[in-house]
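Coordinate-derived values only; no laboratory data. If you're wondering where the values come from, they're calculated on a predicted model, not measured in any experiment. Here Cβ is always computed from backbone atoms with ideal geometry, including for glycine, and neighbour counts include all displayed protein chains.
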Amino acid sequence: MADLSINQALVHWDGHQGLPRFDTIGDKDFAPAFDAAIVSHAAEIDAIADNSDEPTFDNTVTALEIAGDALSRVSAIFWGKAGAHTNETIQTLERDIAPKMSRHYSRIGMNAALFSRIDGLWEKRAGLDLTKEQERVLERHWKGFVRAGAKLPKAEQQRLADINETLAGLGARFGQNVLGDETSWSLKLSDEADLEGLPQFLRDAMASAAKDRGEEDGYMVTLSRSIIEPFLTFSTRRDLREQAFRAWVARGANGGETDNIGIVKETLSLRLEKARLLGYADFAAFKLDNTMAKTADAVNGLLRQVWNKARSKALEEEASLAGLISEEGRNHEVMPWDWRHYAEKLRQRMFDFSESELKPYLQLEKVIDACFDVAGRLFGITATEVKGVAAYHPDVRVFEIRDQDGALKALFLGDYFARSSKRSGAWMSSFQSQHKLPLKNGAEGELPIIYNVCNFAKPAAGKPALLSLDDARTLFHEFGHALHGMLSNVTYPSVSGTGVSRDFVELPSQLYEHWLTVPEILEKYAVHYETGEPMPKAMLDKVLAAQTFNAGFATVEFTSSALVDMAFHTRGSVDDPMAVQKEVLDELGMPASIVMRHATPHFQHVFSGDGYSAGYYSYMWSEVLDADAFAAFEESGNPFDPVMARKLKNNIYSVGGAIDPEETYKAFRGKLPDPQAMLKKKGLSMVIELSGSDA
């Protein structure tokens, strides 16, 4: 796009190995660039739709695949910054851009001439001599148009476009409200009595957080998971734990401008109307149509099976925690702000190690090295950090990913530390996806540029960043997603990398977590940050033995959230979202000592956009797959078995959405999985047999 009125750095990336020159892009550059790129993309779409030549796969589908390059580039940089390094200017623009982009894509989806070309190709697809990947790409485009309303009457098309535009704005506001509540709350501590029980690594992180918020002394509890969770774990001050916990779970439900309850109600109403316009009974039926699960009944069947086992296990765990409280001479029940604190004490008693003892052996730098080492052993790639390359924030690191022959395969950016300008959680995304199509600029395909975003506590100057075991798993999880993007080897961008069904996309990430706790990896990389000594074998054995500790709690947290998500999207109109949440939890018998991992007002997976709406279950669906997949390596007797690793790369990590996920999984494993492997991994399959044990 040669519009010289915009900053060309947004659309022509000529930085290191094709990276954008982030340091030459200003916040005010985005608005005119979006406007110009949308006009340019619309012109490309019109040219495809109005082509007088007979529709072919190349002049229609391939043309669509490479159209809108400038818009893709502007969007990638903008949405990356909106999530990981936002500010008031970006947030204001986000509220404008989200509905504007929705309008643009609605117009494309309802372009009758364009759909006529796609529909014609779809009708005669059997005679087009397409490759399997081309068949999948055509199907994706055809279904995308139908789901965008291409077959609806004009009036209903317009209503659908209005709904999508409103939903886009609501999703942007929802996420901004959660971030607003997270950044506006903090608890400053200064007296030693307030810090009782807190290990040094947490004090350092809280001191760093205080400085980050303009306080030169003292310590600050924030709602970043990397601080709030260890605070709830180690603080002996029950009153402060309760205060911090209540603020954490109240995000999005504090009244005023950042309250999300009204947004949730309107979102659910519009989603239901959208689904029914498109001929579906409810929004879950609409969302599940293109997934492995297919139906809400299949999803709820899995979730209910797991719930029953998890709840029984959690009640046993609660009884054990209550015993510890009683031993201390206290007479209060186990409340949600107590659970992590007493679970940590129970773990120390059962396995003779604590999280604070473990953390010195889990340095961020070493865990990153472990991620790269595992990828090298499995897939033959290497990672080399490139210093001095500007990214969208000074903390972001740039790596070149090369294959065994030294050829550059991808660029990887790691953004690891929490900051007030970053939304909570962890995620993978891409600035550019791998594909092999010739582009208008003369390039043959594109290199994947993938990034991971995490929210680990930033250490004080001169000190190493130390992770919890959960933090380390998160890093492995997100790098598993990154590998899905970086190892992609497809022709068409729409099926590249993570372009797969929602309940398959978590397989590569959750599977990769397993290699963190492979003994030879922990033995090599779990070394003390001061002495360099490896983790003692006795501690390593305890860590491995404790992997299913507290599994009931963790599974109840997750499964309750997934069941509430499905309830929202499988029923009619919802007048009071919080009443529905309560109704579902009451019917489940939710223990009073545990809360949903993501309560409705801050359930960003589901309401900050619709990525995981009626889809939060997919983590568990993929967990069934990942437990079975890693069992293949265990059965081989070698966690890095080269035959299995090659099958894993060729059938899971590199094929993206070019092949049906059931087909790719069976090509790797030879069969579809059984949920028992997942239940065993969680330590839930033996819950009945263990119900009489002291544990």
Cross-link reach list, aspartates and glutamates versus LYS680, counting only Cα pairs under 17 Å and skipping chain neighbours closer than eight places:
GLU513, GLU623, ASP626, ASP628, GLU634, GLU635, GLU689
Cα gyration tensor shape of region 61-148, rounded if a/c is under 1.5, else prolate or oblate by comparing a/b with b/c:
prolate
Order these by the 10 Å Cβ neighbour count, fewest first: PHE456, PHE553.
PHE553, PHE456
Going toward the positive end of the dipole of the chain, with +1 on Lys and Arg Cβ and -1 on Asp and Glu Cβ, which of VAL39, ALA545, GLY214 do you reach last?
VAL39
Projected onto their principal axes, the Cα atoms of the chain stretch, largest extent first, over whole-Å spans of 83, 58, 55
If you plug each phi of region 123-134 into the Karplus form 6.51 cos²θ - 1.76 cosθ + 1.60 with θ = phi - 60°, what whole-Hz ³J(HN,Hα) values come out, in order, with x for Gly and Pro?
5, 10, 4, 4, x, 8, 6, 8, 6, 4, 5, 5
State to the nearest 20 debye the size of the charge dipole of the chain about its Cα centre, where the only charges are +1 on K and R beta carbons and -1 on D and E beta carbons.
720
Over its Cα atoms, what ratio of radius of gyration to 2.2 N^0.38 Å does region 277-340 give?
1.85
I'd like to compare 518-524, 272-278, 504-510: which one has the highest average count of other Cβ atoms within 10 Å, and what's the full order after that?
504-510, 272-278, 518-524
Can you sort MET539, MET678 so the residue with the fewest Cβ neighbours within 10 Å comes first?
MET539, MET678
In percent, what relative contact order does the chain have, based on Cα pairs under 8 Å that are 6 or more apart in sequence?
16
Long-range HN-HN contacts of LEU437 with modeled amide H, under 5 Å:
GLY445, GLU446
Straight distance only, please: which lysines reach the Cα of LYS124 with their own Cα at less than 21 Å, same-chain residues fewer than 8 apart left out?
LYS132, LYS143, LYS151
State to the nearest 20 debye the size of the charge dipole of region 185-250 about its Cα centre, where the only charges are +1 on K and R beta carbons and -1 on D and E beta carbons.
300
Ignoring everything except DSSP H segments at least 4 long, calculate the 222 nm mean residue ellipticity for the chain; use -39,500 (n - 2.57) per segment, divide by total residues, nearest 500.
-17000 deg cm²/dmol
Using the number of other C-beta atoms within 10 angstrom as an exposure proxy, rank CYS371, CYS454 with the fewest first.
CYS454, CYS371
Given ASN7, ALA76, THR89, which one lies farthest toward the positive end of the charge dipole of region 1-132, if we put +1 on the Cβ of every Lys and Arg and -1 on the Cβ of every Asp and Glu?
THR89
May I ask which residue of ILE449, ILE25, ASN331 lies farthest towards the positive end of the charge dipole of the chain, with charges of +1 (Lys, Arg) and -1 (Asp, Glu) on Cβ and the Cα centre as origin?
ILE449
Provide the per-residue ³J(HN,Hα) series for region 198-206, in order, calculated from phi with Karplus coefficients 6.51, -1.76, 1.60 and θ = phi - 60°, each as a whole number of Hz, with x at glycine and proline positions.
7, x, 4, 4, 6, 4, 4, 5, 5
C-alpha center-to-center spacing [region 39-98, region 299-327] in angstrom:
47
In the structure displayed, which of LYS28/LYS458; LYS287/LYS313; LYS313/LYS681 lie more than 21 Å apart, Cα to Cα?
LYS28/LYS458; LYS287/LYS313
I'd like the Karplus ³J(HN,Hα) series for region 460-469: coefficients 6.51, -1.76, 1.60, θ = phi - 60°, whole numbers in Hz, and an x wherever there's a Gly or Pro.
5, 3, x, 10, x, 7, 10, 10, 7, 5
Give the angle, between 0 and 90 degrees and rounded to the nearest 10, that separates the Cα long axis of helix 577-588 from the longest principal axis of the Cα atoms of the chain.
60
